Structures are given as structure tokens and as C-alpha cells.
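Taking it in order: structure first as C-alpha cells, then the write-up.
The values are calculated or read from the model by the stated rules, or taken from the named source; none is laboratory data. Predicted model, so just to flag it, every value in this text is computed and none were measured. Don't worry about glycine lacking a Cβ; one is built from the backbone with ideal geometry, like all the others, and counts go over all protein chains shown.
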Amino acid sequence: MNPSPPLRKRSLKALFELKPYLDRINNQVEESGYIQHDPVQFMHAFSAKKDMEIAGFLAATMAWGRRDIVVAKVDNLLNRMDYAPFDFIMSYSPAQFERFRTFKHRTFKPIDVHGLISGLQNVYAQYEDLEAFWQQCYHKGVQEKRPFLAVFHNDFFSLCDDLADRTKKHISNPEKGSTCKRLYMYLRWVIRKNSPVDLGIWNFMESSDLLIPFDVHVARQARRYGLLTRRTNDWKSVQQLTETLRILNPDDPARYDYALFGIGALKYKLPQRFLLNRI
């Protein structure tokens, strides 16, 4: 079998020719009507910071598969918490596990709900809020010269002494090559400011430091238009694509998640002349 030919890379000049088209799609996709079809809606359902960050974390963790199904499942999960996620988590005990006995979303099972709730309960017992925990992971990652999402993975689960090993796979780890799409989607929600969709309730890092939430739609369109030359969907590809997007918008590279998702999943179009690779 012949190897696949190398993917063509867009030149710097051609990249800036593409920029206004991507920015236009960003503006069309990133608007308030987007919220009602996306799991980010569960952050918008609350006004208290702790409820918002918990609802967003659970929604992002479960966000794989069709968006309408994800929305239905997250709604079901929050209903089992009486739509009061912080109060429920802080009063949670193993006796309440029965509430989740019939809950399932793809490979996400009741025992995984228990593990995440137990982990969050321990975070709030030791830190002011979930942002404070993420902040210490961020600084620890800088000190140790490791991806801070790997620190988050390790430290979150180290807080929980009642955890099934299977639950750990629901939180990605870049040191194992994962793209960490759902975690960076969550960070997009909580970090980006002045957005009609993303809420920007956290301040421990800048939007300029965000990496692109990397799913199959984003990956395919990035390759088609010469923004990404790696064929493997892995952590290195996330970094390569983000560096390309950072050229277009140094302060907010993750915003192009809207454009690439819009082209891939929502049928927005770019002029045919911009297509570099047919895949």
C-alpha cells in the first residue's frame, strides 16, 4: 500500500488571505442562538459561579456524540441533582448513589458519575472553588514543565479515594497523546471573555494560552485548508494547529473553533479556491 502523500501547508500570505473568511464565519457561528443547541447552555442556566463551573465541567466531560443527545443526557443528570449541582455535591453521600443507578451515556456509567462527584466534593473541601484548583494545576504544570492538563488529570483523581479505575478514562491526559478536546472546550467556555457564548468566569489564564478544542470536524477542515499537516489526531496536532491559528489571532486562537466547527458540522462554506488538500 502506498503511503498517503504529505499534506500541503498554507503559506503565510495565503493564510492571511483566508483569515477574513474564517473571521466572518466565526461571527456568524458565535452568536447567542448557538447556546440553545450546545452543552454550554448548562453554564448559562445558573448565576452562581460554583453552579456554573460544575454544570460546565459535567457537560464538557459528557460531550461526545451528537449534540442533541449530549444535551438531553446532561439535562437528565442535572435533574437527578435537583438542578442545584453545588449544593448536591457538597451534601452527597454514597446513600444517594441510587439516584444515578439508571443513568448511562455511551460508556459513561453510574459508577463514573459517583467518581466525578466524589472528586468534585474533595476539590471544594480543599479549595475555594474549582477555578482555584485549576489554577494550582496550571502553576504546577509551569514549574514542572508539563502540560497542565496532565497535572489536572493526576491531581483531580488523587483527591478521590473511592474511585473506579475506569472513571479515569473520562478525563483526558495529554501525556498519553490525547487531544483533550473536551477539557479545552470547557476552558474555552470559562476563560474567553466578551463572547455571546463563552462565559469567561475564570481568570487564572489568558485566552491567548488556550489551545483549540480538537474534534473530528475541526481536524478535517484544518487539513483540507492547509492549517494542519499532521495526519494523526493527537496532542502534537493540537499544538501545531493552535500555533497556526495563533498567527491569525495571537490573543484568541481558540476562537477559530467556531469557524472550523461551522464549516465541518454546520455547513458553512469557504470559497473553493482555498481548498488545498482533498481528504
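Summary of computed values
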{"quantity": "Test: residue in the stretch 108-115 that is in contact with a Leu (Cβ under 7 Å, 6 or more places away or on another chain) and small (Gly, Ala, Ser)", "calculated": "yes"}
{"quantity": "Residue pairs meeting the criteria (Cβ under 6 Å; at least 6 apart or on separate chains; first under 15 Å from Tyr186 (Cβ atoms) and among the polar types (S, T, N, Q), in the stretch 26-51; second modelled with pLDDT of 95 or more and in a helix (DSSP H, G or I))", "calculated": "Gln41/Ile35"}
{"quantity": "From the options Val70, Val29, Val74, residue that is in contact with a Gly (Cβ under 7 Å, 6 or more places away or on another chain) and buried (at least 18 other Cβ atoms within 10 Å of the Cβ)", "calculated": "Val29"}
{"quantity": "Matching residues in the stretch 245-273 - criterion: being charged (D, E, K, R) and touching a residue at least 24 places away in the same chain (Cβ under 8 Å)", "calculated": "Arg246, Asp251, Asp252, Arg255, Asp257"}
{"quantity": "Per-region count, the stretch 118-151, residues assigned to a helix (DSSP H, G or I), in contact (Cβ under 8 Å) with a residue 12 or more places away in the chain and of a type in the set (D, E, K, R)", "calculated": "2"}
{"quantity": "Within the stretch 208-263, considering residues that are of a type in the set (Gly, Ala, Ser) and within 18 Å of Asp38 (Cβ to Cβ), the one modelled with the lowest pLDDT", "calculated": "Gly262"}
{"quantity": "Those residues of the stretch 77-89 which are surrounded by 13 or more Cβ atoms within 10 Å (Cβ to Cβ) and part of a helix (DSSP H, G or I), in sequence order", "calculated": "Leu77, Leu78, Arg80, Pro85, Phe86, Asp87, Phe88, Ile89"}
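So that you can scan it fast, the table gives a plain yes or no per residue for (1) at pLDDT 95 or above; (2) under 27 Å from Phe261 (Cα atoms):
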position: Arg10; (1), (2): yes, yes
position: Pro20; (1), (2): yes, yes
position: Asp23; (1), (2): yes, yes
position: Ala48; (1), (2): yes, no
position: Gly65; (1), (2): no, yes
position: Val71; (1), (2): yes, yes
position: Ala84; (1), (2): yes, no
position: His114; (1), (2): no, no
